[in-house]
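One structure below.
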Amino acid sequence: MRRTAILVTAAALGAALLAGCTDDAGEPPGGASGARSGKDGRTTITVGVFGAFGLKEAGLYDAYMKLHPEVEIKQTSIERNENYYPQLLTHLGSGSGLADIQAVEVNNIAEITATQADKLLDLGRTDGVRKDDFLPWKWAQATDGKGKTVGLGTDIGPQGICYRKDLFAAAGLPTDRESVGSLWAGDWHAYLAVGERYRAKAPRDTAFVDSASGVLAAITGGSAKRFYDEDGRLVYKSNPAVKDAWDIAAAFATRRLTARLQQFTPAWDQGYANGTFATVSCPAWMLGYIQDKAGAAGKGTWDVAAAPRPSNWGGSFLVVPEAGTHKAEAAKLAAWLTAPEQQAKLFEERGSFPSASAAYALPTVSDARHAYFGNAPIGRIFSRAAEGVPVTIVGPKDLVIAQNLADVGMLQVDQKGRSPQEGWDAAVKAIDNALDQ
């Protein structure tokens with residue numbers, strides 16, 4: 001999935017959001033050796049990640065090694081999660097070739113928790129880890145039915161709505177972020193209604209929103225039950241929350257409120273540069289992407305307001321395999337890297353929004369503003385969004401389902417003029433084929 005492949009890098013990149021750089025792109029997820037003792041007596045702990053994950057880039061490894069001179073940290077990175085994750089599963093299956101700490105993307109955590117929990121440490125029992133430090137829904141995503149917590153959350157993607165103040169003004173809409181947020185507060189249908197108002201006086205060659213698929217992802221990201229139910233059964237076909245999200249997103253397309261773009265394509269990037277759409281569903285990590293693509297000319301024209309309802313898009317975890325040589329040391333490092341203070345530092349340096357809600361009171365987060373977006377109080381906006389996200393059921397094939405709903409079904413409605421029902425049927429057929437239904 002193109003969107004997710006870039007997302008997992010984007011979540012850790014902050015302002016620049018460039019393609020992930022690799023340390024050893026040809027290595028398996030953690031290299032072949034795992035933790036070991038070096039010639040100088042130091043314990044080497046390996047960390048396997050995907051993309052430019054941000055921990056190394058934010059200086060967290062160096063800070064830990066300064067506090068613990070007996071430890072050396074070495075990271076390996078594979079640029080794209082779709083290459084990284086299958087290798088991780090293979091190495092978990094064989095019990096070899098693993099890093100002492102492995103990163104897991106949110107779309108894979110349900111499968112890891114359900115099928116690999118016996119091969120991973122219970123990090124919830126690690127000294128220094130406090131469940132109450134984390135958002136309840138983030139903690140729940142990596143906790144199995146027996147209460148074993150196999151992963152500690154690093155970052156999340158709470159959503160706002162980024163909007164062009166100049167285009168709103170030209171269309172006769174308010175431009176200050178509080179008034180803009182109140183236009184659609186509490187209801188995605190209200191967001192659709194604002195789109196109708198925008199279209200009535202829209203500047204020439206502009207649309208209200210970038211894509212119907214982006215709207216779909218934003219709405220489903222705020223549902224407690226989406227594609228699976230509590231018993232692990234596929235329910236997306238009959239779930240009213242998914243159907244309502246589909247209908248709203250499809251209405252953006254059929255009412256000509258979208259720029260008919262596919263996210264994370266060159267045309268979409270160019271749309272930022274040319275100012276061809278007025279709003280976009282905007283996780284915290286998207287701020288850096290917009291700044292990069294809209295460039296210096298976009299500074300001060302973009303702002304960010306609260307989304308209609310709290311929603312999340314993105315995030316990752318750290319896990320510690322049982323097959324590691326220095327499991328206790330690795331668990332200690334994982335706990336430190338995901339502690340509120342370090343998550344606040346990662347946010348400050350890389351733009352990755354903390355999954356530890358205890359970090360939200362720290363000045364680095366609570367007082368954070370973004371100069372490019374009109375000095376928007378992003379710490380406050382995204383903290384509120386994060387705290388409102390429900391505990392969402394994450395299934396093992398969420399990524400497959402979301403990809404086909406967006407890039408097969410909704411894209412046909414948005415770009416090819418197919419009816420919402422035709423788009424839905426095409427998506428369901430593609431999902432059934434992918435899942436061997």
Check your understanding: Inside the stretch 361-395, can you point out the residues that are more than 16 Å from the chain's Cα centre (by Cα) and either assigned to a loop (DSSP other than H, G, I, E, B) or of a type in the set (Lys, Arg) (or both)?
Key -> 362, 367, 368, 369, 374, 375, 377, 380, 384
Practice item. Examine the stretch 80-101 for a residue that is within 20 Å of residue 327 (Cα to Cα) and part of a strand (DSSP E or B), and state whether such a residue exists. Key: yes
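Matching residues to (1) crowded, with 18+ Cβ neighbours inside 10 Å; (2) within 25 Å of the chain's Cα centre (by Cα):
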| residue | (1), (2) |
| --- | --- |
| 70 | no, no |
| 73 | yes, no |
| 85 | yes, yes |
| 90 | no, yes |
| 93 | no, no |
| 98 | yes, yes |
| 111 | yes, yes |
| 118 | no, no |
Practice item. Given the conditions (1) free of Cβ contacts under 8 Å to residues at least 24 places away in the same chain; (2) over 24 Å from residue 349 (Cα atoms), report the number of the one that residue 294 does not fulfil. Key: (2)
Review point. Pick from the stretch 366-396 the residues that are surrounded by fewer than 18 Cβ atoms within 10 Å (Cβ to Cβ) and among the aliphatic types (A, V, I, L, M): which of them is modelled with the highest pLDDT?
Key: 371
Exercise for review: Kindly provide the set of residues from the stretch 194-240 that are free of Cβ contacts under 8 Å to residues at least 12 places away in the same chain and over 27 Å from residue 386 (Cβ atoms), ordered by number.
Suggested key: 204, 231, 233, 238
**Study point:** Test: residue in the stretch 179-195 that is under 22 Å from residue 302 (Cβ atoms), of a type in the set (Asp, Glu) and not assigned by TED's automatic domain parsing to the domain that holds residue 332
**Key:** no
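So that you can scan it fast, the table gives a plain yes or no per residue for (1) among the β-branched types (Val, Ile, Thr); (2) modelled with pLDDT of 95 or more:
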residue: 227; (1), (2): no, yes
residue: 231; (1), (2): no, no
residue: 241; (1), (2): no, yes
residue: 253; (1), (2): no, yes
residue: 265; (1), (2): yes, no
residue: 268; (1), (2): no, yes
Study note, to complete from the structure: Counting only helices (runs of 4 or more DSSP H) wholly inside the stretch 130-221, the ones holding at least 1 residues that are of a type in the set (D, E, K, R) are 136-141, 165-170, 177-183, 188-200
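Let's see how each residue does on (1) among the hydrophobic types (A, V, I, L, M, F, W, C); (2) surrounded by fewer than 17 Cβ atoms within 10 Å (Cβ to Cβ); (3) not in a loop (DSSP other than H, G, I, E, B):
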position: 251; (1), (2), (3): yes, no, yes
position: 268; (1), (2), (3): yes, no, yes
position: 273; (1), (2), (3): yes, yes, yes
position: 280; (1), (2), (3): yes, no, yes
position: 288; (1), (2), (3): no, no, yes
position: 291; (1), (2), (3): no, no, yes
position: 300; (1), (2), (3): no, yes, no
position: 308; (1), (2), (3): no, no, no
position: 313; (1), (2), (3): yes, no, yes
Study note, to complete from the structure: The condition of being touching a residue at least 12 places away in the same chain (Cβ under 8 Å), in a strand (DSSP E or B) and of a type in the set (Phe, Trp, Tyr) holds, among 317, 347, only for 317
Revision key, fill the gap. The residue from 190, 142 that alone is surrounded by 19 or more Cβ atoms within 10 Å (Cβ to Cβ) and within 25 Å of the chain's Cα centre (by Cα) is 142
Review point. When you go through 411, 399, 405 one by one, which is the residue that is assigned by TED's automatic domain parsing to the domain that holds residue 224 and at pLDDT below 95?
Key: 399
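The values are calculated or read from the model by the stated rules, or taken from the named source; none is laboratory data. Here the structure is a predicted model, which is why all the values come from computation and not from measurement. Virtual Cβ from ideal backbone geometry, glycine too; neighbours counted across all protein chains shown.
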